[in-house]
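These notes concern the structure reproduced below.
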Amino acid sequence: LQSPISQSPSRHTLLEALAAIPGVYVPALYDVSYAADGTVAAVTPNHPAAPAEVLKRVVTVLPPPVTKFIVPFINVVHNRAAIEIMRGCTRGCRFCQAGMIFRPVRERPVDEVLQAVDEMIEHCGFEEVSFLSLSSSDYSYVEELVRRTVERHGAKKLSVGLPSLRIESFSVDLMDLLEKGRRRSGFTFAPEAATDRLRDVINKPIASAELLATAEEVYKRGWTTIKMYFMIGHPTQTLEDVQAIADLSKEVLAVGRRVLGKKANVRIGVSTLVPKPHTPFQWVPMEDERVINAQIELLQRELRGPGIHFSWNDPEETLVEAFLTRGDRRLSDVIELAWRKGAKLEGWGEYFNFPAWQDAFAELGLDMDWYARRARALDEVLPWEHISAGLKKQFLVDEYVHTYQGGVVDDCREHCFSCGILGYFKEQRRDAPDAGWGCPSLGRGKERQPVDIAPIPLYFNDDMSPELTGQFDHRVPQRREGTVSKRIGD
Ligand code: SF4
């Protein structure tokens, strides 16, 4: 690969060499056949160098963050130093692709993060640092990190961002420390659904009562705006669940008005669920267009007035995202044709060219809704099944079944469900420090969380599966009690 261009291998030799590297997928070395109903019949390697399944690779121990990088001389989006404090997430929200495909959890030591902050400030001159992860409250050393960052840099007025916090008072404590002495504008929550039942369905079980208590704490400590992100179109969602988005938003605003008067406000962002590959939702249909429009209209009617700002995603842009997300190879022709017809800057609302996509689909005899809104059978060959994110299919199937039962499963740092990661990457787990991964450590006499071969719900939602409730009540619904933060407190 490093030879000069004049001696470079032929394209085919290069592809063969790439396919032999673990974790590299070379589409040209696979043939796809289709069944009469249009679904994928099989994806078959056509070359001995191509494995039947391409398994992702993982970094055993995250290397120290890059601290010397090019600094833009114009103002750009995210113009700040970003440091990844942890990779992966163990919460298991069923809609979340990142939470599934970036397993296992690997944390950077707090000293390494602090050193990176020092170096980035020195080398690049940033005044703003953002600690990144999928769920920052779950970083085991988050309290220590925040405290020590403030001790070292508070006086220099370094601004520190800590996004992706859980909805609990512990998060408010953290932000309180970080933003001491600064103007406080927005505090962000992502409940994703507005009823306890629907949050059980998506496996993000925060009780509304807890959300309201946290909101009160936020307003009391001086933040004037609470931003909340919701999704519509979750499986089993009803119009009542959508109405609940409006009701809960107004309740949060009422809390703010009680605490701060007219200064308090809420900003509500609503997007439509786009079911993603490699998640338990990969088999579910995206919501029907008419239903989505009716739900957005309901929210437009409800979420207006002083102190409320409501924004939503354009359903047509969401549809493009949806058919591309679960598309197959035939969509490459659609993409090329749409481009030829003028679809070029599709991420920019004003240039978004939906008719070009419609024409491309029509000309090629394909159907957007077939890709976006079709429920898949559990035994259908999915176009991405030959790529493995390290998850067992049975794990995703179990979680898909739990979705419709309202079964809530635990944070797997409390209880491992053998999702597949430990099976695929056990050698790397052995090489990693015991505390460096969220997965159980291997070897005799090691301290580890309990391990089960399948996800065991902490509880089933009473309304959805009355026949199953009570089965596991001896288990503590830890996530409602915020165990990770409690553990730090202990
Ligand atoms: S192997 Fe266990 S602890 Fe590790 S990510 Fe999977 S379920 Fe979680």
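Looking only at residues in the range 193-242 that are crowded, with 22+ Cβ neighbours inside 10 Å and among the small types (Gly, Ala, Ser), which one is nearest to Gln295 (Cα to Cα)? So the residue we want is Gly233. Being surrounded by 15 or more Cβ atoms within 10 Å (Cβ to Cβ), in contact (Cβ under 8 Å) with a residue 12 or more places away in the chain and either more than 23 Å from the chain's Cα centre (by Cα) or outside the structural domain of Ser136 (by TED's automatic domain parsing) (or both) is a property that Pro45 has.
Within the range 423-451, the residues that satisfy the criterion of being near the ligand (Cβ under 8 Å from one of its atoms) and in contact (Cβ under 8 Å) with a residue 60 or more places away in the chain are Trp437, Gly438, Cys439.
Could you go through the range 79-86 and let me know if any residue there is more than 19 Å from the chain's Cα centre (by Cα), surrounded by 21 or more Cβ atoms within 10 Å (Cβ to Cβ) and either touching a residue at least 24 places away in the same chain (Cβ under 8 Å) or assigned by TED's automatic domain parsing to the domain that holds Thr149 (or both).
The initial filter retains those residues of the range 79-86 that are more than 19 Å from the chain's Cα centre (by Cα), namely 79-81.
Imposing the further condition that a residue be surrounded by 21 or more Cβ atoms within 10 Å (Cβ to Cβ) reduces the set to 81.
Pick out the ones that are also either touching a residue at least 24 places away in the same chain (Cβ under 8 Å) or assigned by TED's automatic domain parsing to the domain that holds Thr149 (or both) and you get 81.
Within the range 79-86 (the criterion being more than 19 Å from the chain's Cα centre (by Cα), surrounded by 21 or more Cβ atoms within 10 Å (Cβ to Cβ) and either touching a residue at least 24 places away in the same chain (Cβ under 8 Å) or assigned by TED's automatic domain parsing to the domain that holds Thr149 (or both)), the answer is yes, since at least one residue qualifies.
Quick one: which helices (runs of 4 or more DSSP H) lie wholly within the range 259-376 and hold at least 2 residues that are surrounded by fewer than 16 Cβ atoms within 10 Å (Cβ to Cβ) and more than 27 Å from the chain's Cα centre (by Cα)?
Working: elements: 289-302, 315-325, 330-340, 354-364, 368-372.
Result: 330-340, 354-364.
In the set (1) in contact (Cβ under 8 Å) with a residue 40 or more places away in the chain; (2) within 16 Å of the ligand (Cβ to nearest atom); (3) closer than 28 Å to Val61 by Cβ, the condition left unmet by Lys392 is number (1). Just a yes or no: is a residue in the range 137-147 within 16 Å of the ligand (Cβ to nearest atom), in a helix (DSSP H, G or I) and under 24 Å from the mean Cα position of the chain (by Cα)? Yes; the residues of the range 137-147 include at least one that is within 16 Å of the ligand (Cβ to nearest atom), in a helix (DSSP H, G or I) and under 24 Å from the mean Cα position of the chain (by Cα). In this structure, does Ala194 turn out to be in a strand (DSSP E or B) and within 20 Å of Ala254 (Cα to Cα)? The answer is no for Ala194.
With respect to Ala81, is the statement that it is of a type in the set (A, V, I, L, M) and in contact with a Phe, Trp or Tyr (Cβ under 8 Å, 6 or more places away or on another chain) true? So Ala81 fits the description; yes.
From the list Phe102, Phe131, Phe69, Phe95, exactly one residue is away from the ligand (no atom under 16 Å from the Cβ) and surrounded by fewer than 21 Cβ atoms within 10 Å (Cβ to Cβ). Which is it? So that I can check it myself, show each step before the final result.
On the way: Phe102 fails: away from the ligand (no atom under 16 Å from the Cβ); Phe131 fails: surrounded by fewer than 21 Cβ atoms within 10 Å (Cβ to Cβ); Phe95 fails: surrounded by fewer than 21 Cβ atoms within 10 Å (Cβ to Cβ).
Among Phe102, Phe131, Phe69, Phe95, only Phe69 is away from the ligand (no atom under 16 Å from the Cβ) and surrounded by fewer than 21 Cβ atoms within 10 Å (Cβ to Cβ).
Within the range 197-232, being outside any helix (DSSP H, G or I), over 16 Å from the mean Cα position of the chain (by Cα) and not β-branched (Val, Ile, Thr) holds for Ala207, Arg221, Gly222, Trp223, Lys227. Pairs are defined by a Cβ separation below 7 Å, a sequence spacing of at least 6 or placement on different chains, a first member in the range 398-412 that is aromatic (Phe, Trp, Tyr), and a second member that is at pLDDT 90 or above and assigned to a loop (DSSP other than H, G, I, E, B); the pairs so defined are Tyr404/Pro235; Tyr404/Thr236.
Filtering Arg148, Arg197, Arg166 for residues that are at pLDDT 90 or above and within 30 Å of Gly406 (Cβ to Cβ) leaves a single hit, Arg197.
Reported count of residues in the range 29-42, each being surrounded by 15 or more Cβ atoms within 10 Å (Cβ to Cβ) and hydrophobic (A, V, I, L, M, F, W, C), is 3.
The values are calculated or read from the model by the stated rules, or taken from the named source; none is laboratory data. Just so you know, these numbers come straight off a predicted model, no measurement behind them. As a convention, Cβ positions derive from the backbone with ideal geometry for all residues, glycine included, and neighbour counts pool all protein chains shown.
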